[in-house]
Amino acid sequence: MKLFKMQLSRKQYHQAMVVFASALILTGFFAYNTYTERKQYQTYLQNSYQRSFREMVTNVENIKLLLEKAEVSASPSQSNAIMTQAWSQAFSAADNLGDLPITHTALSKTAKYLTQVGDFSYALSRQNAKNEALTDEEVQQIVKLNKYAGFLLEQLHILESDVSQGKVRFGELRKQGKLVLKKASQNAVDVNFGTMEDKFSDYPSLIYDGPFSDNVIEGKPKGLAGKDIKAEEAKKAAEKFIGADKVGKIIVSSSGKGKINTFGLEIIPKDNNRERSISIDITKKGGHVLWMLNPREVPEKKLTDQKASDIAKKFLEKQGFGKLEETYFLKNDNTTVITYIGVTDDGILVYPDLLKVKVALDNGEIVGFDAYPYLMSHDKREIPKPKLTEAQAREKLSKRLTVERVKLAVIPMPGNKEQLCYEFKGRNETNDYFVYINAETGYEENILRIIKEANGTLTQ
């Protein structure tokens, strides 16, 4: 009987231990699960706050760009479009600012500035819609608003750098409730927004249209000459474009359908290293190269910009493209991307006929190519004679623009249309611009600001 009681006690002991161990495991599981969920939520918040912050920076960049364009616009209609976009960007910036978990008093003036930029832009857009031009006083207000947009952007870029380096985590700001954090975070946020508090004391009360290379192209492709081809013919076209010495084998990786139907090909090198495979799309109609990318690393720069340009131009001539003119370029990671546009025999620039070539600066190899705009737009054009003289078109320009040169140019327009314009390259006190005056009506069709940096020349 005594042995039975002892055995029973052991059994109960083991059961108790099992229950206890299970409880520990369950407790640990729930604790870990709670911790994991909390970390995931914190990560989600951090990413959400960073996205709002980055979008706000982009909004302010666009506000500054649009205000700069407004300074040199002489057309009420064009000014209307610019100011409407500025209003939209200011509204979006204020909305993104409101999403950030920052309660510093400086935000009140930053938010007020963005709101008043939006209100002022909206009021001017309504005025322009009535075909009323901006007054000199309104232009001076735009100049002043632009000055503060530049200062705001400068501070945001400093803070953006701190965020990217991990010195500021917006999730921590939310958890603390105030900007009373570790010293690095306090300096990064408190100082930047605090400085804005002082600078915004006297500001006036009161979408980005992009370069032609990013123009949305509509309609059917006009440059696809030739018959429909099969996959084997596409492979031959790809090998000719790349060079047989770089080809081990070619496989069809996709069959794309869209405005331009293509064979998507993978060119595997002779050493069979698929990490170095070249991707290329060949159009099913005509067998044209639509797009190519060689992902190889370019370890160093040996070539000058002029040499790279010469190589790209000779490459395009070899591929059978007609007369072209270099417009913009951008250098990155020891490569340069050069943009070319078509030119008529009369010297008229044809912006819709656009090609991009990427050149490796170590040995001049062509490592990227994009002919989508060209193949969508290229066609035999009957370009009309301008109805306005250059002098008449010049009268439509803002008096705040000093003209440096003039050319005739065909530019893309909404609805898959094109328009002959006078392209005036000019400058105001601080920035360079292209202003496009309709050669038939004198209407100010577009304004692009020229951005010259160490890595290239672009337009916005």
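Observations on the structure shown:
- Cα→Cβ-extended label distance, 7 Å offset, between Lys220 and Ser279, nm: 2.9
- In sequence order, the stretch 145-156 has phi-based couplings of 4, 4, 4, 6, 4, x, 5, 4, 5, 4, 5, 5 Hz under the Karplus curve 6.51 cos²θ - 1.76 cosθ + 1.60, θ = phi - 60°, and Gly or Pro positions carry x.
- Karplus (6.51, -1.76, 1.60) ³J(HN,Hα), θ = phi - 60°, over the stretch 385-391, in Hz, Gly and Pro reported as x: 6, x, 7, 9, 7, 4, 5
- In this structure the amide hydrogen of Lys301, modeled in the peptide plane, comes within under 5 Å of no amide hydrogen from residues 5 or more places off or on another chain.
- Nearest-0.05 FRET efficiency for Lys452 and Glu154, computed from C-beta distance (R0 30 Å): 0.95
- Annotation for Ser161 and Asp119: the two label points, set 7 Å from Cα along the Cα-Cβ direction, are 3.5 nm apart.
- Scaled against the 2.2 N^0.38 Å expected of a compact globular protein of N residues, the Cα radius of gyration of the stretch 231-377 reads 1.05.
- Relative protection proxy for 386-394, 360-368, from highest mean packing down: 360-368, 386-394 (other beta-carbon atoms within 10 angstrom).
Only the coordinates and a few stated rules stand behind these numbers; no lab work does. In this text, all values refer to a predicted model and were calculated from it rather than measured experimentally. No Cβ is skipped: glycine too gets one built from the backbone with ideal geometry, and neighbour counts run over all protein chains shown.
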